[in-house]
Every structure is written in structure tokens, then in C-alpha cells.
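Rule-based calculations on the coordinates, nothing more; no lab input. These numbers were taken from a predicted model, which means no experiment stands behind them. So basically every Cβ, Gly included, is an ideal-geometry build from the backbone, and we count neighbours across all protein chains shown.
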Amino acid sequence: MENQTPESAFLRRHAEQLYAGELEALRQQDTRPRPEHWELSPWAVCTYLLGGTLEDGFEISPKYIGSRRLIEVAVATLATDRALLLYGVPGTAKSWVSEHLAAAISGDSTRIVQGTAGTGEEQLRYGWNYAELLAHGPSFDALVPSPVMRAMQEGRLARVEELTRIPADVQDTLISILSEKSLPVPELGEEVQALRGFNIIATANNRDKGVNELSAALKRRFNTVVLPVPATEEEETTIVSRRVAEMGRNLALPAEPPALEEVRRVVRIFRELREGRTEDGKLRLKTPSGSLSPAEAVSVLTNGMALAAHFGNGRVQARDVASSLVGAVVKDPVQDAVVWKEYLEQVVKQHYEWKDIYLACRDAE
């Protein structure tokens with residue numbers, strides 16, 4: 001039975017669904033050369049990610065706020081035979097950029113392998129329909145292609161998320177795929193050759209527990225682009241503010257997005273704790289064990305919106321943010337609790353205009 005559920009009913013829509021209007025506007029006005037099987041030219045892909053105004057005045061919203069050159073290098077890499085590795089600490093928009101690159105280039109961001117400690121070779125290569133296998137023996141009809149194999153057959157992009165969480169011996173399955181651009185199927189004495197346009201975008205970080213280092217052989221198959229944390233408080237505030245507003249719309253939360261000053265305050269707290277010093281550089285601080293990334297700031301403020309919507313007056317206030325803020329900082333109940341208490345007393349308490357968040361955080365401990 002065909003699924004009649006409207007897209008707006010889904011909890012999270014894919015990038016190509018959420019920004020279908022922008023992608024279509026770019027396709028219609030994009031006259032630049034496109035690599036084979038690409039939906040847009042490299043220039044249009046960069047415009048989609050970074051935002052801009054088209055010739056007819058249509059506005060493309062920015063999906064990534066940061067260095068234009070990094071995005072240009074990433075897009076140019078995907079136009080070659082080199083795979084792309086988006087690298088950085090947790091919360092630097094690696095998965096976000098990966099999804100939007102796939103949506104813009106292939107029109108589909110769903111050919112994805114989510115890396116975990118339990119990811120096996122069949123999730124990168126292929127599996128089998130055992131009912132078909134037992135009934136008729138090995139054949140292409142019995143073969144269940146992985147997202148990577150489907151991308152090879154269609155000349156599209158495949159995404160491998162959290163590559164360093166995959167066991168090292170499984171990671172190395174990608175070496176022959178990236179080197180030979182083919183995937184042998186020994187059971188059939190055949191191989192699947194990649195069409196032009198095929199490539200892989202992988203994401204990885206080296207901060208979380210459970211990281212498996214990439215082998216030197218696999219690293220050589222990737223062009224690595226390091227996505228940094230936002231350079232300035234203003235840049236990070238803009239990123240967090242935009243994402244919180246989008247999350248509120250997607251979740252249909254009946255609350256106003258947090259005021260810019262509320263967003264700026266959370267961002268300032270995260271940046272100071274992350275960098276181990278106050279904004280003015282006058283006071284050195286201990287740093288907590290967590291990454292305190294922009295993604296976590298978005299989570300704190302989105303949860304604040306939900307509290308304000310359902311248990312408050314619809315406007316995000318300090319008491320709506322406090323519990324999630326403390327939870328984001330205090331990951332280790334011993335070490336981080338000391339770091340947070342010192343910061344609360346030495347920094348937050350000293351800001352006269354932060355009295356509300358100081359009292360709310362103390363109550364939330």
C-alpha cells in the first residue's frame with residue numbers, strides 16, 4: 001500500500017525534502033557544467049550550502065556558516081576520484097554538511113551507513129536474502145546491496161557516518177572500493193563497477209570514546225577537510241540561533257524561539273568553558289570533559305523551548321534553560337561538577353545581568 005503520509009508529518013525530514021524549493025530553483029537557473037550524474041554544478045552546490053541570491057532574486061538560505069574555501073575544497077574533492085573525509089571534534093556540523101552535500105549533488109542523502117562498533121562488512125559491501133539464496137542459490141536476485149553498492153551502481157554519493165566507530169578490519173573494506181572503484185562479488189564470480197559520479201563522504205572525530213584509528217592505507221584514499229568550531233562568538237550565535245529556530249519549526253513547538261540574548265548567553269558559557277578562559281581573557285578556567293559544541297547548545301535551547309511551550313508562558317526564560325545547561329556541562333558527576341560550580345561562582349555570579357541564570361542553575365543542581 002502506498003504511503004500517503006504528508007512530508008510535514010515526519011519528525012525529521014531529509015535535506016532534499018526540507019529544501020526542495022531551493023534545490024529546484026538552483027537546478028532551473030544553473031547553467032554551469034555539471035559532472036556526470038550530478039544534480040547541480042559545483043558552483044551551485046556551494047551556493048546551496050553557503051547561501052546567496054540567484055539572478056531572479058530567489059534567496060538561498062545558508063546551511064553552513066564558516067569558511068567558504070573549506071566547502072569549495074570539499075565539493076571539488078567529490079568531483080574527482082578521491083573520497084571526502086569530514087573531520088573534527090563532535091558537534092562541528094560534519095553530518096549536517098555531509099547530508100546537504102549528498103542532497104545537492106545526488107538529490108538523495110539517504111544512501112547512508114551509520115558507523116557503530118557493531119557495523120559489519122555486509123553493511124559496506126552486500127548481504128543476502130536467505131530465502132532466495134536457499135531456494136535458488138547465489139544470484140544477483142538474492143544479493144542485498146549495501147548503500148555503498150547502490151551508490152556505485154547509480155553513480156551517486158554514499159555517506160559513511162562516524163567512520164572511526166567502525167572496527168578497523170571493517171573500515172578497510174573500503175580500501176578496494178576507493179582504489180579500484182569496483183566491488184567484487186566472489187560468490188558469483190562477478191564485480192560491480194562504479195559509474196561516474198560515485199563517491200563517498202565519510203565523517204569522523206577523535207574525541208569520543210570508542211574511536212578506532214584509520215589505517216594509513218585508508219587515510220590515503222581520502223582527502224581530509226577539517227571542520228573547525230566557529231571562530232567567533234558572533235558566528236556561533238548565528239549558527240545556534242538558526243538551528244534552534246529550524247528545530248522549533250520542525251517539531252511544531254508552540255513557543256517563540258529564544259531571544260538572541262538568551263542564545264548569546266548560552267554560547268558565551270559554552271565557549272568560555274570550552275576554551276578554558278573568560279571572553280576578556282582575565283580569568284583562566286578549568287575545562288569540563290564534554291565537547292560543549294554548537295550542536296549541544298542547540299539541544300539545550302530546543303529543550304528550553306519545549307519547557308517554555310508546555311510548562312511555561314511560551315517565552316524561553318533562564319529557568320527553562322538551566323537544567324539542560326547543567327546537564328550539558330556536567331557529564332562526569334565528580335570532575336565536571338567541580339568545574340561547573342567554580343564557573344558558576346567565579347563567572348556567572350559576577351555578571352549582574354546574569355542573576356536569573358545563576359539562580360536557576362543553582363536550583364537545578
Original post:
When a footprinting reagent is the concern and you count Cβ atoms within 10 Å, what order do Val334, Val244, Val89, Val211 take, fewest first?
Top reply: Val334, Val211, Val89, Val244
Subject >> Sites Thr80 and Ala20 - FRET efficiency at Förster radius 30 Å, r taken between beta-carbons, to 0.05 >> reply: 0.60
**OP:** Whole Å is fine, so just give me how far the alpha carbon centre of segment 166-196 lies from that of segment 1-69.
**Re:** 30 Å
Original post:
Between Lys355, Lys63, Lys286, which gets the highest mean-square fluctuation from a Gaussian network model of the chain, Cα cutoff 10 Å?
Top reply: Lys355
**OP:** Could you work out which residue, out of Gln171, Gln350, Gln17, moves most in a Gaussian network model of the chain, that is, has the largest mean-square fluctuation with Cα springs under 10 Å?
**Re:** Gln350
Original post:
Is it possible to state the helix-based mean residue ellipticity at 222 nm for the chain, with each DSSP H run of 4+ residues giving -39500 (n - 2.57), the sum divided by total residues, to the nearest 500 deg cm²/dmol? What is it?
Top reply: -13500 deg cm²/dmol
Subject >> Electrostatic dipole magnitude of the chain [Cβ: Lys, Arg +1; Asp, Glu -1; Cα centre; debye, to 20] >> reply: 980 debye
Original post:
How large is log10 I(q)/I(0) at q = 0.06, 0.08 Å⁻¹ when the Debye formula is applied to the Cα atoms of the chain, each weighted equally and without solvent?
Top reply: -0.28, -0.48
Original post:
For the residues Asp172, Asp320, what sequence is obtained by ranking on other C-beta atoms within 10 Å, fewest first?
Top reply: Asp172, Asp320
Subject >> Label-point separation, Ala217 to Asn129 (7 Å along Cα→Cβ), nm >> reply: 3.4 nm
**OP:** Among Val113, Ser67, Thr80, pick out the residue whose Cα is farthest towards the positive end of the charge dipole of segment 65-150, where Lys and Arg carry +1 and Asp and Glu carry -1 on C-beta, about the Cα centre.
**Re:** Ser67
**OP:** Using label points projected 7 Å from each Cα along Cα→Cβ, tell me how many nm separate Asp363 and Ser179, to one decimal.
**Re:** 6.3 nm
**OP:** Grab the beta carbon distance between Val334 and His136, set R0 = 41 Å, and tell me the FRET efficiency rounded to 0.05.
**Re:** 0.10
Original post:
Hey, fewest Cβ within 10 Å first, where do Leu218, Leu157 land in order?
Top reply: Leu218, Leu157
Subject >> FRET E, pair Thr31, Thr224, Förster distance 25 Å, beta-carbon r, rounded to 0.05 >> reply: 0.20
**OP:** Pull up the DSSP beta bridges for segment 7-226 and report the antiparallel fraction as a percent, rounded to 5.
**Re:** 35 percent
Original post:
By how many degrees, 0 to 90 and rounded to 10, does the Cα axis of helix 355-364 deviate from the longest principal axis of the chain?
Top reply: 70 degrees
**OP:** Express as a percent, rounded to the nearest 5, the fraction of DSSP beta bridges in segment 152-248 (both residues included) that run antiparallel.
**Re:** 50 percent
Original post:
Can you tell which of Phe270, Phe222, Phe140 shows the greatest fluctuation in a Gaussian network model of the chain with Cα springs below 10 Å?
Top reply: Phe140
Original post:
If you take the charge dipole of segment 233-364 about its Cα centre, with +1 on Lys and Arg Cβ and -1 on Asp and Glu Cβ, which of Gly314, Leu283, Ala255 is farthest toward its positive end?
Top reply: Leu283
